[in-house]
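Engineer: First the structure, then my questions, so here it is.
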Amino acid sequence: MAATDSSLPIARRSAWRDDCMEVVCGIANAGGGRLVLDADVDGRGVVKRKTNRLMKTIPSAVAAALGLTCAMELVLEEGRMCLEVVVPPAPEPISYHGTFYLYQNGFNTVLDNAALDRLLQPAAETDMKWETRPVIQASLDDLNMGLVTRYTGALRDTDITTDLDEVAAIEEKLRRAGLMTGVGTPTNAGILLLHDQPQRYIAGATVRIGFFGGRAGSPIFEDEVTGSLIEQVHRTVELIFDKYLADTGPVRPRGTHGSPPLPRDAVHEAVLNAVAHKNYESGTPIQVSVFADRLCIDNVGRPPRTWTVTALLGRHTSRPNNPNLVSALRSLGIIDGWGNGVGAMRMECIEAGLPEPIFELRDDETMVCFQMDEDSVMRTSLSGNDPATHASLTRSALSDAHAMAREAALQHDIGLTANDEKVLSMIDIDGRLTAPRIAKSLGVSESTVRRSFRRLRDLGIIDRVGSDKAGFWRVL
């Protein structure tokens, strides 16, 4: 159960008394909040033994009585040092000694049966998304202040922020973005984006890279990338190109000599998509598998289940699994949030002279595989569980446009050239591309591209909509 930031309760008591556990229970049932106690400090502001003891005993007492994990903080409030008990929201109504409490409007009330039914009803209807759940063990001080100030636009970029007004402004912006709760604890999304080591709180929040050579089984060597999500994307792409796909050295995959290099921007986009759309509840790292002839990126999490690979390859809206996280990445200018990532990967590969990446959607996973030489696209199948299995590329692994084109060509007893298929791929991504632009991207003449246009149109694969100057190509 969650409450809005403006309604999160704050209860004040001069000391920890017998009724404080009832108040904590009521605050948790109200959606989380804070219980503020007077702190015992000396004239120099040093915390005395009694307060130190409470900071150790209260969390364990709350955990034993209510099953909640509370954080304890010393805060300065109106010129006085206070001890703050940060109470998380209860996932469902909880009781203390068999009695249900609810803290509202400054009062902790006992719920009768009717009130308890009303409390249970929204709990049944509300599904708090994983990325908005609080990470009660962390606070603003645990985040990377460089990342925080980069996101919030705060004036300073320091490890310790002491200005209370500035802290309040930072926390408010993070709350509005869903990166922090109303009680000052980061959410899962906030930890992923703004913490240096999110895997400390979120299992599997890393990227694993393995080099398999020309076989399956255990990797020959591997790396694990940690850090904030922004750092993970940067370090993963850096390792792929500077170590695993290096121009020299023993780790360079066989079969890529003489082939065009993988486009860095396409691999960056694939890693970024995996990081942004992963199902982090799975506890499974993103896996990057480097083989002799291909590079595959696999993560738990997929687009809506009604989507097929064909829908993924076509124009589509952005449907993120982690909307707050994606919104924050968009605010930082790291993604555009328009659902253009797959099209960008395809275009980058075509313009680099490589086959299009192959996408596969499984029950709960998404895989993208980049072919690192022209021949491998026709001998690598991703349909089995073993990514190293070699077989003919199945019709289902091709886009509908390519499958239709090959079928039509067979019926007319003609063959499609490699340029025909590349031209078809490009206009399947963006039908407004012109012959000069396609010719420049593919390194061929305009007349070659126009011949492909005519052949594909004669086969009934594409059609021109509108004039030559203002129209566009449509894949039928």
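The values are calculated or read from the model by the stated rules, or taken from the named source; none is laboratory data. This one's a predicted model, so the numbers in the text were calculated from it and none came from an experiment. Using ideal geometry, Cβ is built from the backbone for each residue, glycine included, and neighbour counts are taken over all protein chains shown. Note: accessible area is taken over every heavy atom of the protein model, side chains too, but ligands, DNA and RNA are not part of it. Shrake-Rupley method; radii C 1.70, N 1.55, O 1.52, S 1.80 Å.
Engineer: For region 105-202, give me every one of the helices (runs of 4 or more DSSP H) that falls completely inside it and has 3 or more residues that are at pLDDT 75 or above and either touching a Lys or Arg at 6+ places or on another chain (Cβ under 6 Å) or closer than 17 Å to G33 by Cα (or both).
Structural biologist: Ranges flagged: 164-176.
Engineer: Continuing with this model, one more query. Would you please name the residue that is surrounded by the fewest Cβ atoms within 10 Å (Cβ to Cβ), looking only at residues in region 189-230 that are touching a strand residue (DSSP E or B) at 6+ places or on another chain (Cβ under 8 Å), closer than 19 Å to N299 by Cβ and not β-branched (V, I, T)?
Structural biologist: Applying the filter and picking the extreme gives E224.
Engineer: Among the residues in region 263-270, are any in contact with a strand residue (DSSP E or B) (Cβ under 9 Å, 6 or more places away or on another chain) and open to solvent by 30 Å² or more (accessible area, probe 1.4 Å)?
Structural biologist: There is no residue in region 263-270 that is in contact with a strand residue (DSSP E or B) (Cβ under 9 Å, 6 or more places away or on another chain) and open to solvent by 30 Å² or more (accessible area, probe 1.4 Å).
Engineer: Could you please give the count of residues in region 45-74 that are over 19 Å from V135 (Cα atoms), of a type in the set (V, I, T) and either free of Cβ contacts under 8 Å to residues at least 24 places away in the same chain or assigned to a loop (DSSP other than H, G, I, E, B) (or both)?
Structural biologist: Selection size over region 45-74: 2.
Engineer: Scan (1) out of contact with any Pro (no Cβ under 8 Å at 6 or more places or on another chain); (2) over 23 Å from E231 (Cβ atoms) for the single condition N299 breaks and write down its number.
Structural biologist: Failing condition for N299: (2).
Engineer: Being modelled with pLDDT under 90, surrounded by 21 or more Cβ atoms within 10 Å (Cβ to Cβ) and in a loop (DSSP other than H, G, I, E, B), is that true of even one residue in region 11-21?
Structural biologist: Checked against the condition, which is being modelled with pLDDT under 90, surrounded by 21 or more Cβ atoms within 10 Å (Cβ to Cβ) and in a loop (DSSP other than H, G, I, E, B), region 11-21 yields no hits at all.
Engineer: What pairs come out if I take residues in region 325-344 that are at positive phi and pair them with residues that are modelled with pLDDT of 85 or more whose C-beta lies under 6 Å away, six or more apart or interchain?
Structural biologist: Listed by first residue and then by second, the contacts come to G337/R330.
Engineer: Moving on to the next point. When region 27-44 is examined, which residues are found to be closer than 19 Å to T185 by Cα and either open to solvent by less than 40 Å² (accessible area, probe 1.4 Å) or assigned to a helix (DSSP H, G or I) (or both)?
Structural biologist: Listed by number, the residues that qualify are I27, A28, N29, A30, G31, G32, G33, L35, V36, L37.
Engineer: Could you tell me whether region 84-100 includes any residue that is touching a Pro at 6+ places or on another chain (Cβ under 7 Å), open to solvent by 40 Å² or more (accessible area, probe 1.4 Å) and modelled with pLDDT of 85 or more?
Structural biologist: Yes: one or more hits.
Engineer: Count, please, the residues in region 317-357 that happen to be open to solvent by 30 Å² or more (accessible area, probe 1.4 Å) and either closer than 29 Å to K440 by Cβ or among the hydroxyl-bearing types (S, T, Y) (or both).
Structural biologist: So the count comes out to 15.
Engineer: Could you go through region 223-231 and let me know if any residue there is modelled with pLDDT of 85 or more, aliphatic (A, V, I, L, M) and part of a strand (DSSP E or B).
Structural biologist: yes
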